[in-house]
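Single-structure report; data block below.
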Amino acid sequence: MEYRQLTPETVVDYIKNLDSMTRIFSRFDNLSIHEVGDGNLNYVYTITNPDKPVETVVLKQAVPYLRVVGDSWPLAKERMKFEIMALQRQKELCPKYVPDVFHADEPMCLIIMQNLNKHKILRGEIILGKTFPFLADHISTFLARTLYASSDLALDSTTKKHRVAEFINTDLCNLTENFVFTNAFEKHDTNEYNPELTEADINSVQENAKLKIAVAEMKYKFMNNAEAMVHGDLHIGSIMANEEETYVIDPEFAFYGPMGFDIGAFIGNLFMSYFSHEHRQKLLGREPYEYRNWLLNTIMATWNGFEQKFDQLWLNDHNNADSLYWNYEGGEEHFSQQRQAFLKKLFSDSMGFGACKMMRRIFGLAKVADIADIEDLKERARIERMTLKLAEYMVVDRDRIENIESVVAAAKDLSPLV
Ligand code: ADP
Ligand code: SR1
Ligand code: MG
(Lines give C-alpha, C1' and ligand atoms only; values in the text may rest on other atoms or scores of the structure.)
(Ligands and ions follow the chains in the order given, each with its own letter.)
Protein backbone atom coordinates (compact mmCIF):
# COMPACT_ATOMS: atom_id res chain seq x y z
CA MET A 1 0.00 0.00 0.00
CA GLU A 2 1.25 3.45 -0.86
CA TYR A 3 2.00 5.83 2.02
CA ARG A 4 -0.67 8.25 3.10
CA GLN A 5 -0.81 10.21 6.30
CA LEU A 6 -3.70 9.01 8.42
CA THR A 7 -6.02 11.35 10.29
CA PRO A 8 -8.57 10.62 13.03
CA GLU A 9 -11.14 10.41 10.22
CA THR A 10 -9.23 7.81 8.16
CA VAL A 11 -7.74 5.58 10.88
CA VAL A 12 -10.75 3.25 11.12
CA ASP A 13 -10.87 2.72 7.36
CA TYR A 14 -7.25 1.64 7.52
CA ILE A 15 -7.60 -0.83 10.42
CA LYS A 16 -10.96 -2.41 9.68
CA ASN A 17 -9.67 -4.85 7.07
CA LEU A 18 -6.65 -6.04 8.99
CA ASP A 19 -6.91 -9.60 10.37
CA SER A 20 -5.02 -8.62 13.49
CA MET A 21 -7.60 -5.90 14.20
CA THR A 22 -10.64 -8.07 13.53
CA ARG A 23 -9.26 -10.32 16.27
CA ILE A 24 -9.26 -7.38 18.70
CA PHE A 25 -12.32 -5.31 17.76
CA SER A 26 -15.83 -6.79 17.69
CA ARG A 27 -17.07 -3.80 15.65
CA PHE A 28 -15.58 -0.91 13.69
CA ASP A 29 -18.43 1.58 13.66
CA ASN A 30 -18.39 4.07 16.51
CA LEU A 31 -14.74 3.57 17.58
CA SER A 32 -13.32 6.53 19.46
CA ILE A 33 -10.05 7.93 18.12
CA HIS A 34 -7.77 10.36 19.94
CA GLU A 35 -4.45 11.79 18.84
CA VAL A 36 -2.23 11.60 21.92
CA GLY A 37 1.23 12.18 20.42
CA ASP A 38 3.18 14.45 22.74
CA GLY A 39 6.57 13.42 21.37
CA ASN A 40 8.75 15.42 19.02
CA LEU A 41 8.44 13.29 15.90
CA ASN A 42 5.32 11.26 15.20
CA TYR A 43 1.54 10.98 15.40
CA VAL A 44 0.02 8.58 17.91
CA TYR A 45 -3.68 7.61 18.02
CA THR A 46 -5.57 5.64 20.63
CA ILE A 47 -8.38 3.61 19.08
CA THR A 48 -11.02 2.26 21.49
CA ASN A 49 -14.41 0.62 21.39
CA PRO A 50 -16.30 2.76 23.94
CA ASP A 51 -18.75 -0.12 24.60
CA LYS A 52 -15.91 -2.56 25.39
CA PRO A 53 -12.89 -0.54 26.55
CA VAL A 54 -10.67 -3.65 26.59
CA GLU A 55 -10.88 -3.47 22.80
CA THR A 56 -8.23 -0.85 22.37
CA VAL A 57 -4.93 -0.31 20.51
CA VAL A 58 -2.45 2.44 19.79
CA LEU A 59 -1.48 3.34 16.23
CA LYS A 60 1.75 5.28 15.71
CA GLN A 61 2.64 6.73 12.32
CA ALA A 62 5.77 8.56 11.15
CA VAL A 63 5.31 11.63 8.98
CA PRO A 64 7.91 12.89 6.50
CA TYR A 65 9.00 15.75 8.73
CA LEU A 66 10.01 16.54 12.31
CA ARG A 67 6.71 17.12 14.06
CA VAL A 68 8.03 19.48 16.73
CA VAL A 69 9.27 21.91 14.06
CA GLY A 70 6.77 21.25 11.26
CA ASP A 71 6.98 20.34 7.59
CA SER A 72 9.74 22.90 7.02
CA TRP A 73 12.08 20.27 8.57
CA PRO A 74 11.99 17.15 6.37
CA LEU A 75 12.79 13.84 8.04
CA ALA A 76 12.51 10.48 6.28
CA LYS A 77 9.32 8.75 7.37
CA GLU A 78 11.10 5.42 6.67
CA ARG A 79 12.53 5.83 10.20
CA MET A 80 9.57 3.73 11.35
CA LYS A 81 11.39 0.67 9.98
CA PHE A 82 13.90 0.98 12.85
CA GLU A 83 11.19 1.26 15.46
CA ILE A 84 9.56 -1.91 14.06
CA MET A 85 12.85 -3.87 14.03
CA ALA A 86 13.92 -2.67 17.47
CA LEU A 87 10.55 -3.48 19.05
CA GLN A 88 10.76 -7.00 17.59
CA ARG A 89 14.26 -7.61 18.94
CA GLN A 90 13.60 -6.02 22.32
CA LYS A 91 10.45 -8.10 22.67
CA GLU A 92 12.48 -11.27 22.07
CA LEU A 93 15.10 -10.23 24.62
CA CYS A 94 12.96 -8.64 27.29
CA PRO A 95 9.26 -9.44 26.72
CA LYS A 96 7.92 -8.11 30.02
CA TYR A 97 9.06 -4.56 29.41
CA VAL A 98 8.17 -4.08 25.74
CA PRO A 99 4.62 -3.50 24.37
CA ASP A 100 3.03 -6.13 22.11
CA VAL A 101 3.01 -5.18 18.44
CA PHE A 102 -0.14 -6.35 16.62
CA HIS A 103 0.62 -4.99 13.18
CA ALA A 104 3.52 -3.32 11.40
CA ASP A 105 3.29 -1.70 7.97
CA GLU A 106 6.58 -0.40 6.57
CA PRO A 107 5.21 1.34 3.45
CA MET A 108 2.63 3.15 5.61
CA CYS A 109 5.38 3.80 8.21
CA LEU A 110 3.19 2.71 11.10
CA ILE A 111 2.76 0.23 13.91
CA ILE A 112 -0.29 -0.83 15.87
CA MET A 113 0.53 -1.88 19.39
CA GLN A 114 -0.75 -2.59 22.87
CA ASN A 115 -2.45 0.43 24.42
CA LEU A 116 -0.61 0.97 27.70
CA ASN A 117 -3.64 2.66 29.19
CA LYS A 118 -2.93 1.39 32.69
CA HIS A 119 0.44 3.09 32.56
CA LYS A 120 1.56 6.68 32.29
CA ILE A 121 4.57 8.42 30.82
CA LEU A 122 7.20 8.34 33.54
CA ARG A 123 8.31 11.95 33.12
CA GLY A 124 4.82 13.28 33.91
CA GLU A 125 4.54 11.01 36.92
CA ILE A 126 7.95 11.99 38.25
CA ILE A 127 7.06 15.66 37.84
CA LEU A 128 4.04 14.93 40.05
CA GLY A 129 6.33 13.34 42.64
CA LYS A 130 5.22 9.71 42.26
CA THR A 131 7.50 6.83 43.20
CA PHE A 132 7.98 3.55 41.32
CA PRO A 133 9.36 0.83 43.57
CA PHE A 134 10.40 -1.51 40.74
CA LEU A 135 11.67 1.06 38.24
CA ALA A 136 15.39 0.54 38.85
CA ASP A 137 15.04 -3.23 38.81
CA HIS A 138 13.00 -3.23 35.59
CA ILE A 139 15.13 -0.73 33.69
CA SER A 140 18.42 -2.29 34.78
CA THR A 141 17.09 -5.65 33.55
CA PHE A 142 15.99 -4.13 30.24
CA LEU A 143 19.38 -2.49 29.78
CA ALA A 144 21.42 -5.55 30.78
CA ARG A 145 19.48 -7.95 28.55
CA THR A 146 19.12 -5.82 25.44
CA LEU A 147 22.69 -4.51 25.51
CA TYR A 148 24.42 -7.74 26.44
CA ALA A 149 22.48 -9.99 24.08
CA SER A 150 22.90 -7.76 21.04
CA SER A 151 26.66 -7.35 21.50
CA ASP A 152 29.70 -9.33 20.37
CA LEU A 153 29.83 -10.78 23.88
CA ALA A 154 26.75 -12.86 23.10
CA LEU A 155 26.28 -13.04 19.33
CA ASP A 156 28.41 -14.89 16.83
CA SER A 157 30.52 -12.53 14.80
CA THR A 158 28.63 -12.89 11.49
CA THR A 159 25.20 -12.33 13.01
CA LYS A 160 26.45 -9.26 14.88
CA LYS A 161 27.89 -7.73 11.69
CA HIS A 162 24.62 -8.29 9.84
CA ARG A 163 22.71 -6.68 12.69
CA VAL A 164 24.98 -3.64 12.60
CA ALA A 165 24.24 -3.29 8.88
CA GLU A 166 20.47 -3.75 9.35
CA PHE A 167 20.44 -0.96 11.90
CA ILE A 168 22.22 1.79 9.95
CA ASN A 169 19.80 4.51 11.06
CA THR A 170 21.38 7.46 9.26
CA ASP A 171 18.71 10.12 9.71
CA LEU A 172 18.00 9.66 13.39
CA CYS A 173 21.66 9.22 14.28
CA ASN A 174 22.19 12.47 12.46
CA LEU A 175 19.55 14.17 14.61
CA THR A 176 21.31 12.90 17.74
CA GLU A 177 24.73 13.97 16.48
CA ASN A 178 23.33 17.48 15.97
CA PHE A 179 20.95 17.85 18.87
CA VAL A 180 22.76 15.90 21.60
CA PHE A 181 26.41 16.52 20.78
CA THR A 182 26.71 19.69 18.71
CA ASN A 183 24.13 22.48 18.60
CA ALA A 184 23.80 23.05 22.34
CA PHE A 185 27.58 23.42 22.59
CA GLU A 186 27.89 26.23 20.04
CA LYS A 187 26.06 29.45 19.18
CA HIS A 188 23.51 27.59 17.08
CA ASP A 189 20.29 29.21 15.95
CA THR A 190 18.16 26.24 17.03
CA ASN A 191 19.14 26.80 20.68
CA GLU A 192 16.67 28.26 23.15
CA TYR A 193 17.95 29.78 26.39
CA ASN A 194 16.17 30.65 29.57
CA PRO A 195 16.46 34.48 29.51
CA GLU A 196 17.66 34.38 33.13
CA LEU A 197 20.84 32.55 32.09
CA THR A 198 23.71 34.98 31.54
CA GLU A 199 26.29 35.07 28.77
CA ALA A 200 28.76 33.79 31.36
CA ASP A 201 26.51 30.78 32.12
CA ILE A 202 26.26 29.94 28.45
CA ASN A 203 29.96 30.46 27.77
CA SER A 204 30.88 28.31 30.76
CA VAL A 205 29.82 25.47 28.49
CA GLN A 206 30.23 26.77 24.97
CA GLU A 207 33.74 28.18 25.50
CA ASN A 208 35.04 25.65 28.00
CA ALA A 209 37.94 23.79 26.38
CA LYS A 210 38.01 20.72 28.64
CA LEU A 211 34.29 20.27 28.47
CA LYS A 212 34.09 20.73 24.70
CA ILE A 213 36.91 18.29 24.06
CA ALA A 214 35.17 15.75 26.30
CA VAL A 215 31.83 16.24 24.50
CA ALA A 216 33.55 15.89 21.11
CA GLU A 217 35.09 12.63 22.34
CA MET A 218 31.65 11.34 23.34
CA LYS A 219 30.26 12.32 19.94
CA TYR A 220 33.03 10.44 18.17
CA LYS A 221 32.35 7.40 20.32
CA PHE A 222 28.64 7.65 19.52
CA MET A 223 29.45 7.69 15.81
CA ASN A 224 31.99 4.87 15.84
CA ASN A 225 31.35 2.35 18.61
CA ALA A 226 28.89 -0.17 17.18
CA GLU A 227 28.78 -2.16 20.41
CA ALA A 228 25.15 -3.16 20.81
CA MET A 229 21.61 -2.42 19.68
CA VAL A 230 20.81 0.66 21.72
CA HIS A 231 17.34 2.12 22.18
CA GLY A 232 18.83 5.46 21.26
CA ASP A 233 16.39 7.79 23.09
CA LEU A 234 15.91 6.26 26.53
CA HIS A 235 14.82 9.36 28.42
CA ILE A 236 12.00 9.16 30.95
CA GLY A 237 9.49 10.23 28.29
CA SER A 238 10.17 6.90 26.53
CA ILE A 239 9.04 4.87 29.52
CA MET A 240 5.45 4.14 30.54
CA ALA A 241 4.90 2.76 34.02
CA ASN A 242 2.63 2.18 36.95
CA GLU A 243 3.63 1.00 40.42
CA GLU A 244 4.02 -2.62 39.32
CA GLU A 245 4.93 -2.55 35.64
CA THR A 246 7.33 -0.73 33.34
CA TYR A 247 7.34 -0.54 29.54
CA VAL A 248 9.98 0.94 27.27
CA ILE A 249 8.46 2.54 24.15
CA ASP A 250 9.59 4.61 21.18
CA PRO A 251 12.85 2.97 19.96
CA GLU A 252 12.94 4.67 16.56
CA PHE A 253 16.45 6.00 17.28
CA ALA A 254 17.70 2.41 17.67
CA PHE A 255 21.01 1.56 16.04
CA TYR A 256 24.23 -0.26 16.84
CA GLY A 257 25.99 2.20 19.08
CA PRO A 258 27.76 2.48 22.42
CA MET A 259 26.01 0.75 25.33
CA GLY A 260 26.57 3.68 27.66
CA PHE A 261 24.31 5.87 25.54
CA ASP A 262 21.14 4.23 26.90
CA ILE A 263 22.37 3.92 30.47
CA GLY A 264 23.48 7.55 30.51
CA ALA A 265 20.20 8.76 29.01
CA PHE A 266 18.15 7.22 31.81
CA ILE A 267 20.47 8.22 34.64
CA GLY A 268 21.02 11.75 33.27
CA ASN A 269 17.27 12.28 33.11
CA LEU A 270 16.85 11.21 36.73
CA PHE A 271 19.56 13.66 37.82
CA MET A 272 17.63 16.43 36.05
CA SER A 273 14.47 15.33 37.87
CA TYR A 274 16.43 15.40 41.13
CA PHE A 275 17.51 19.02 40.64
CA SER A 276 14.05 20.06 39.41
CA HIS A 277 12.50 18.68 42.60
CA GLU A 278 14.53 20.99 44.77
CA HIS A 279 11.95 23.49 43.49
CA ARG A 280 9.04 21.17 42.70
CA GLN A 281 8.81 19.55 46.13
CA LYS A 282 8.20 23.03 47.59
CA LEU A 283 5.43 23.61 45.04
CA LEU A 284 3.91 20.27 46.02
CA GLY A 285 4.02 21.42 49.65
CA ARG A 286 6.28 18.56 50.70
CA GLU A 287 9.40 18.40 52.76
CA PRO A 288 12.20 18.01 50.25
CA TYR A 289 14.04 14.96 51.50
CA GLU A 290 12.09 11.80 50.81
CA TYR A 291 11.24 12.09 47.14
CA ARG A 292 14.62 13.35 46.05
CA ASN A 293 16.25 10.62 48.08
CA TRP A 294 14.13 8.09 46.17
CA LEU A 295 15.39 9.55 42.88
CA LEU A 296 19.01 9.22 43.98
CA ASN A 297 18.46 5.69 45.26
CA THR A 298 16.87 4.80 41.93
CA ILE A 299 19.91 6.12 40.08
CA MET A 300 22.30 4.07 42.22
CA ALA A 301 20.13 0.94 42.07
CA THR A 302 19.89 1.23 38.29
CA TRP A 303 23.64 1.33 37.69
CA ASN A 304 24.48 -1.21 40.42
CA GLY A 305 21.67 -3.54 39.29
CA PHE A 306 22.73 -3.19 35.67
CA GLU A 307 26.36 -3.94 36.48
CA GLN A 308 25.48 -7.06 38.44
CA LYS A 309 22.98 -8.38 35.85
CA PHE A 310 25.22 -7.70 32.86
CA ASP A 311 28.13 -9.41 34.59
CA GLN A 312 25.95 -12.42 35.43
CA LEU A 313 24.76 -12.79 31.82
CA TRP A 314 28.37 -12.76 30.66
CA LEU A 315 29.44 -15.24 33.33
CA ASN A 316 26.55 -17.60 32.49
CA ASP A 317 27.53 -17.64 28.83
CA HIS A 318 31.13 -18.28 29.78
CA ASN A 319 30.14 -21.17 32.06
CA ASN A 320 28.06 -22.72 29.27
CA ALA A 321 30.73 -22.41 26.57
CA ASP A 322 33.76 -24.55 25.80
CA SER A 323 36.19 -21.70 25.29
CA LEU A 324 39.93 -22.30 25.74
CA TYR A 325 40.74 -18.65 26.26
CA TRP A 326 40.59 -18.51 30.09
CA ASN A 327 40.98 -22.24 30.51
CA TYR A 328 44.11 -22.45 32.68
CA GLU A 329 44.94 -22.14 36.35
CA GLY A 330 44.14 -18.58 37.40
CA GLY A 331 42.09 -18.05 34.23
CA GLU A 332 38.81 -17.52 36.11
CA GLU A 333 40.37 -14.68 38.08
CA HIS A 334 41.78 -13.13 34.90
CA PHE A 335 38.35 -13.38 33.27
CA SER A 336 36.86 -11.62 36.28
CA GLN A 337 39.43 -8.82 35.83
CA GLN A 338 38.43 -8.48 32.18
CA ARG A 339 34.76 -8.12 33.11
CA GLN A 340 35.58 -5.52 35.77
CA ALA A 341 37.66 -3.47 33.34
CA PHE A 342 34.87 -3.65 30.73
CA LEU A 343 32.25 -2.47 33.22
CA LYS A 344 34.50 0.34 34.46
CA LYS A 345 34.84 1.65 30.90
CA LEU A 346 31.11 1.27 30.40
CA PHE A 347 30.47 3.27 33.57
CA SER A 348 32.71 6.05 32.30
CA ASP A 349 30.89 6.08 28.93
CA SER A 350 27.52 6.13 30.66
CA MET A 351 28.46 9.18 32.71
CA GLY A 352 29.87 10.95 29.66
CA PHE A 353 26.79 10.30 27.53
CA GLY A 354 24.42 11.12 30.39
CA ALA A 355 26.19 14.47 30.77
CA CYS A 356 25.81 15.38 27.07
CA LYS A 357 22.14 14.52 27.28
CA MET A 358 21.69 16.74 30.34
CA MET A 359 23.45 19.77 28.88
CA ARG A 360 21.63 19.64 25.59
CA ARG A 361 18.29 19.71 27.44
CA ILE A 362 19.28 23.06 28.99
CA PHE A 363 20.42 24.95 25.87
CA GLY A 364 18.95 22.95 23.01
CA LEU A 365 15.63 23.01 21.23
CA ALA A 366 14.25 19.83 22.84
CA LYS A 367 13.87 20.46 26.56
CA VAL A 368 12.62 18.44 29.51
CA ALA A 369 9.43 19.61 31.16
CA ASP A 370 10.83 18.83 34.63
CA ILE A 371 13.06 21.91 34.34
CA ALA A 372 11.74 23.92 31.38
CA ASP A 373 8.21 24.16 32.80
CA ILE A 374 9.36 25.81 36.03
CA GLU A 375 7.57 29.14 35.78
CA ASP A 376 9.87 31.13 38.03
CA LEU A 377 12.68 31.75 35.56
CA LYS A 378 15.23 32.66 38.23
CA GLU A 379 14.55 29.38 40.02
CA ARG A 380 14.73 27.57 36.70
CA ALA A 381 18.10 29.18 35.95
CA ARG A 382 19.42 28.13 39.37
CA ILE A 383 18.43 24.53 38.64
CA GLU A 384 19.84 24.72 35.12
CA ARG A 385 23.20 25.85 36.54
CA MET A 386 23.30 22.87 38.92
CA THR A 387 22.52 20.55 36.02
CA LEU A 388 25.31 22.04 33.92
CA LYS A 389 27.79 21.79 36.81
CA LEU A 390 27.06 18.13 37.51
CA ALA A 391 27.19 17.35 33.80
CA GLU A 392 30.57 19.05 33.48
CA TYR A 393 31.95 16.84 36.25
CA MET A 394 30.37 13.71 34.74
CA VAL A 395 31.86 14.22 31.30
CA VAL A 396 35.24 15.82 32.09
CA ASP A 397 36.08 13.48 34.98
CA ARG A 398 34.33 10.40 33.62
CA ASP A 399 37.45 8.20 33.61
CA ARG A 400 38.37 9.21 37.16
CA ILE A 401 34.97 8.80 38.84
CA GLU A 402 35.11 5.73 41.07
CA ASN A 403 31.45 4.76 41.19
CA ILE A 404 27.86 5.96 40.94
CA GLU A 405 27.88 6.85 44.64
CA SER A 406 30.48 9.54 43.89
CA VAL A 407 28.25 11.11 41.26
CA VAL A 408 25.31 11.04 43.65
CA ALA A 409 27.52 12.69 46.29
CA ALA A 410 28.42 15.42 43.77
CA ALA A 411 24.70 15.97 43.03
CA LYS A 412 24.06 16.30 46.78
CA ASP A 413 26.88 18.83 47.11
CA LEU A 414 25.20 20.98 44.46
CA SER A 415 21.70 20.47 45.81
CA PRO A 416 21.85 19.28 49.42
CA LEU A 417 19.28 16.81 50.65
CA VAL A 418 17.99 18.76 53.62
P1 ADP B 1 7.52 10.18 19.40
O2 ADP B 1 8.21 9.16 18.55
O3 ADP B 1 6.88 11.26 18.61
O4 ADP B 1 8.40 10.68 20.52
P5 ADP B 1 6.24 8.44 21.34
O6 ADP B 1 6.45 7.02 20.94
O7 ADP B 1 7.09 8.97 22.41
O8 ADP B 1 6.30 9.40 20.07
O9 ADP B 1 4.71 8.59 21.72
C10 ADP B 1 4.14 9.85 22.01
C11 ADP B 1 3.10 9.68 23.12
O12 ADP B 1 2.10 8.76 22.72
C13 ADP B 1 3.68 9.11 24.39
O14 ADP B 1 4.24 10.14 25.18
C15 ADP B 1 2.46 8.46 25.03
O16 ADP B 1 1.69 9.44 25.70
C17 ADP B 1 1.67 7.98 23.82
N18 ADP B 1 1.96 6.56 23.54
C19 ADP B 1 2.93 6.07 22.73
N20 ADP B 1 2.90 4.72 22.69
C21 ADP B 1 1.89 4.35 23.52
C22 ADP B 1 1.34 3.07 23.91
N23 ADP B 1 1.83 1.93 23.44
N24 ADP B 1 0.29 3.08 24.77
C25 ADP B 1 -0.21 4.25 25.23
N26 ADP B 1 0.24 5.47 24.89
C27 ADP B 1 1.29 5.52 24.04
C1 SR1 C 1 14.72 17.88 17.45
S2 SR1 C 1 14.60 16.19 17.81
C3 SR1 C 1 14.66 16.27 19.47
C4 SR1 C 1 14.68 15.05 20.25
O5 SR1 C 1 13.44 14.37 20.28
C6 SR1 C 1 13.70 12.99 20.47
O7 SR1 C 1 12.93 12.48 21.51
C8 SR1 C 1 15.18 12.85 20.67
O9 SR1 C 1 15.55 12.97 22.02
C10 SR1 C 1 15.68 14.00 19.87
O11 SR1 C 1 17.00 14.37 20.18
MG1 MG D 1 9.18 10.00 22.18
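The values are calculated or read from the model by the stated rules, or taken from the named source; none is laboratory data. Computed from a predicted model, the values in this text were never measured in an experiment. Here the Cβ positions follow ideal geometry from the backbone for every residue, glycine too, while neighbour counts run over all protein chains shown. Heads up: the accessible areas ignore ligands, DNA and RNA and are worked out on the full protein's heavy atoms, side chains in. Shrake-Rupley method; radii C 1.70, N 1.55, O 1.52, S 1.80 Å.
Quick rundown of the values:
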| item | result |
| --- | --- |
| For region 192-341: relative contact order, % (alpha-carbon pairs under 8 angstrom, 6 or more apart) | 15 percent |
| Overall Cα dimensions of the chain, principal axis frame, Å, largest first | 62, 61, 40 |
| Sulfur and carbon atoms: percent of accessible area, region 24-71 [1.4 Å] | 50 percent |
| About the Cα centre, charge dipole magnitude for region 320-418 (Lys/Arg +1, Asp/Glu -1 at Cβ), debye | 560 debye |
| Rounded percent of accessible protein surface that carbon and sulfur make up, region 285-332, 1.4 Å probe | 49 percent |
| Equivalent ellipsoid semi-axes, region 261-416, via Cα gyration tensor eigenvalues times 5, rooted, Å | 37, 15, 12 |
| Cα pair count fraction exceeding 15 Å, expressed as % - region 1-48 | 49 percent |
| Accessible area expressed per residue, the chain, with surrounding protein chains retained (probe 1.4 Å, Å²) | 44 Å² |
| Which listed pairs, of LYS309/LYS357; LYS81/LYS389; LYS282/LYS378, have C-alpha distances above 27 Å, in listed order | LYS81/LYS389 |
| Accessible surface, 1.4 Å probe, highest first, among residues ILE236, ILE121 | ILE121, ILE236 |
| R0 of 51 Å, Cβ-Cβ distance ALA200-GLU9: FRET efficiency to nearest 0.05 | 0.45 |
| In Å², nearest 10: area of VAL54 left accessible to a 1.4 Å probe | 130 Å² |
| Sulfur and carbon atoms: percent of accessible area, region 197-274 [1.4 Å] | 52 percent |
| Inter-label distance, nm, simple model (7 Å from Cα along the C-beta direction), ALA410/GLN338 | 3.1 nm |
| Loop sites in region 265-350: chymotrypsin sites (Phe, Trp or Tyr not before Pro), DSSP, at most 14 other Cβ within 10 Å | TYR325, TRP326, TYR328 |
| Region 15-69, relative contact order [Cα under 8 Å, separation at least 6], % | 29 percent |
| Qualifying trypsin sites (Lys or Arg not before Pro) in region 23-81, DSSP loop, other Cβ atoms within 10 Å at most 13 | ARG23, ARG27 |
| Diffusion coefficient, µm² s⁻¹, Stokes-Einstein with Kirkwood Rh over alpha-carbon pairs of region 329-405 at 4 °C and 1.567 mPa s | 90 µm²/s |
| The chain: calculated mean residue ellipticity at 222 nm from DSSP helix runs of at least 4, using -39500 (n - 2.57) | -16500 deg cm²/dmol |
| Mean separation of Cα contacts under 8 Å, 6 or more apart, over the residue count of the chain: relative contact order % | 17 percent |
| Radius of gyration and maximum dimension Dmax of region 310-360, Cα, Å | 15.1, 49 |
| Gaussian network model of the chain, Cα within-10 Å springs - most flexible of HIS334, HIS279, HIS103 | HIS334 |
| Per-selection Kirkwood Rh - region 1-139 (Cα, Å, 1 d.p.) | 16.4 Å |
| Peptides ranked, highest mean first, by Cβ atoms within 10 Å: ranges 134-142, 160-168, 378-386, 43-51 | 134-142, 378-386, 43-51, 160-168 |
| Among the listed pairs LYS120/LYS367; LYS130/LYS367; LYS60/LYS219, those beyond 24 Å (Cα-Cα) | LYS60/LYS219 |
| Rounded D (µm²/s) - region 109-251, Kirkwood Rh over Cα pairs, Stokes-Einstein at 25 °C, 0.890 mPa s | 135 µm²/s |
| Point-to-point label distance, LEU324-GLU245, nm (Cα→Cβ direction, 7 Å offset) | 5.0 nm |
